[in-house]
Amino acid sequence: MNLYALLFFLLGLGGLLQRAEARAEVPAVDSSRKAIRQMLVEKNYRGAAKAYQELGWLYHQQYGYNKYTMEAYFNGMKYYSLAGDSAGYYNEHIVIGDYYTHDFFMQASAEQYLRKALQFFVRVKNVPKIIECRLDLANIDQKRNPVPPTLLTELRAVERISAEHKELYFQAFAQNLLANTYSRVKQPDSAYFFASRSLALSKQVRVNWLIALNHFYLGIVEQFRNHPQAALDEYRKSQALARAENNVGMLRELAKHSAYSYASMGNHKRAYDEILLSLDFADQFYQSEQTKSIRLQELDSQIKTLAVEKQLAEEKSRHQQMLNSGLIAVLIISVLGVVALVFLRRQQKLIAHQQAVIAQQQIRQLELKSLQAMIEGQESERSRIARDLHDGLGIQLSRIKLFVEAHQEQLPCSVKDPLNQFLDEACTETRLISNDLRPYALSTFGLVPAVEDLIQKLNLVNETKLFIEHYGDLPPLGDEASVMLFRVLQELLNNALKHAQAQSITVQIMANDETLLISVDDDGLGGHFPEKTSTGNGMANIRSRIDYLGGQVMWQSEPDRGTSVMISLPMHKLVRPGTPVNI
């Protein structure tokens, strides 16, 4: 079973509460913020820091995984620092690091915060906090592929220390991580042993998310032992707790593994429904504005740090200017002094300009990294879901069809014909979903054949006629560039088919050794396209992808005269590294 991406969203993620509960939390949030303002007026920084940490938890209960919680935690860390409370300051590092582990794209930042906290608590010999840091770091390590060879030894050691110091919660957490790690290394008996022990301790300390997770691991072990009904029973127990907290990440994984169990029992209709449910949960997470914004939180923090450093540099510059003023008064009668002063002032301006340029470049790089992380995450999840559909449900449906064809003489016609029809429709639907998520022609043959395949399929189901013309031979493009250009063309064709009411649509692809030109023209209704589109708009998505590839896109349209979209891209940013550009 594929467990490598299992815990990206599960551990510690409470999820969103019901709306009624969220409304009930609003007075508590307002009261907490009012108390913080009063504490800041009184310069009670330690009290404000603790109140910010509580406010972060209230925001988490109200909104789930969100940027407001992170802002509260960062403010808590700031005021612990102002209060001189080192223990509180580094404990906030643990809170932030643990929160970042919810998202795969923030694992590196999470590890940085946790290691800083571990160094401090080792120095002051705070054993419970050392245990907590080591468990959180192990939680990151157990998601790596392959599993680090020292991970099991580390988890055993932490479990032993937790038991010696009677830290039941940490002991249960360590056993839970051991259960998952043994599952990944294909040792189901050991996984079952530790999941059962962790479940008992979790019930004793009443930690619902850990109880749900242990039922989930027990279900995985039962499925591994080829006991699908027992696995489904464990999954249902976990689902009840996950639904109570609206934990979308866990519900997604439970739906996916339930599909495996139903498929192995022969209930392929229910397996198909569970796969669709898993896709729905994945869409809920990836399309959430809160989820997207939290991935930018650490980048925003780094940008703010750069702004603080710039402010410090400006303060130093002002201080230097004051010194220069004194120097002018002393050396006013000296020509050499005047020359020296002019030289110093020019140097300061040059340094200030260089600092400003560097800061702008760093901010731009962080923005590009953020966009790249979001795009890579979307495409990675599409590819993974497509593989799961093709290698899992698609294979099972094909085996069923072959079995029916081999025994069709034993079936009456009233059963055989509808059954064959249903199986053909299910196989076709599975292939269409898988191909739409990750086109086979794109990864196998390249951009132009993939677009030709797309146009051929669209011609089968639309009255509008689509044509493609390409001039020049494209060199092998990089995987990222191929996927992004295919998605852009897919979006443009879908928009034209949906809105243009055109008789024909023509795609032209022209390549030379410096530039790739793409145009999409239709003879439809036309319309008005503003130069700047709003965030979330389809045209804004197209523009952001083309900007990322270093290209330009232009829309030209007039009422009743159709629409033309022209894209120009530099070839050196598109080709696969090491490929000579020689059209």
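Extension gain for LYS186-ARG561 works out to 128.7 nm (0.36 nm per residue, less the C-alpha to C-alpha distance). Take the Cα of ASP233, go 7 Å toward its beta carbon, and none of the backbone nitrogen atoms of the range 158-185 fall under 11 Å from that spot. The label point for SER264 and the one for LYS573, both projected 7 Å from the Cα toward the Cβ, are 4.8 nm apart.
Length available on full extension from ASN246 to ALA87: 0.36 nm per residue minus the Cα-Cα distance, which gives 53.9 nm.
With Cα atoms defining each centre, the range 326-364 and the range 94-119 are spaced 41 Å apart in the structure.
For the range 147-205, what class follows from the C-alpha gyration tensor (a ≥ b ≥ c being the square roots of its eigenvalues): rounded when a/c is under 1.5, otherwise prolate if a/b is larger than b/c, else oblate?
Details: a/c = 2.78, a/b = 1.34, b/c = 2.08.
Here the range 147-205 falls in the oblate category.
Computed from the C-beta positions of ASP283 and GLN119, the FRET efficiency with R₀ = 45 Å rounds to 0.65. The length gained on full extension between MET322 and ALA28, counted as 0.36 nm times the residue separation minus their Cα-Cα distance, comes to 100.9 nm. Just for the range 441-573, what percent of DSSP beta bridges are antiparallel, to the closest 5? DSSP beta bridges in the range 441-573 are roughly 75 percent antiparallel.
In terms of its Cα atoms, the range 450-533 spans 35, 34, 21 Å along the principal axes, sorted from long to short. For LEU516, the amide hydrogen comes within under 5 Å of the amide hydrogens of LEU569, MET571, counting only partners 5 or more places away or on other chains and with H modelled in the peptide plane.
I need to check one value: relative contact order of the range 441-573, counting alpha carbon pairs closer than 8 Å and at least 6 residues apart, in percent. So the answer I get is 22 percent. Be a star and scan the range 224-265 for residues whose amide nitrogen sits under 19 Å from the point 7 Å along the Cα-to-Cβ vector of ASN208. Once the point is set 7 Å along Cα→Cβ of ASN208, 234-255 turn out to lie under 19 Å by backbone N, inside the range 224-265.
As a calculated quantity, the FRET efficiency between ARG346 and HIS499 at R0 = 51 Å, using C-beta atoms, amounts to about 0.30. Across the range 162-167, coupling constants 3J(HN,Hα) worked out from phi with the 6.51/-1.76/1.60 Karplus curve, θ = phi - 60°, read 4, 5, 5, 9, 6, 9 Hz, and Gly and Pro carry x.
Projecting label points 7 angstrom from Cα along Cα→Cβ for PHE104 and LYS78 puts them 3.3 nm apart.
Across the range 123-151, the residues whose backbone nitrogen lies under 19 Å from the label position 7 Å along the beta-carbon direction of LYS166 are 126-132. Distance between the modelled labels on TYR548 and ASN226, one decimal in nanometres: 4.5 nm (7 Å Cα→Cβ projection).
Every number in this text was worked out from the coordinates using simple rules, so none of it is lab data. These figures come from a predicted structure and were not determined experimentally. Heads up, the Cβs are rebuilt from the backbone with ideal geometry, glycines too, and the neighbour counts pull from every protein chain shown.
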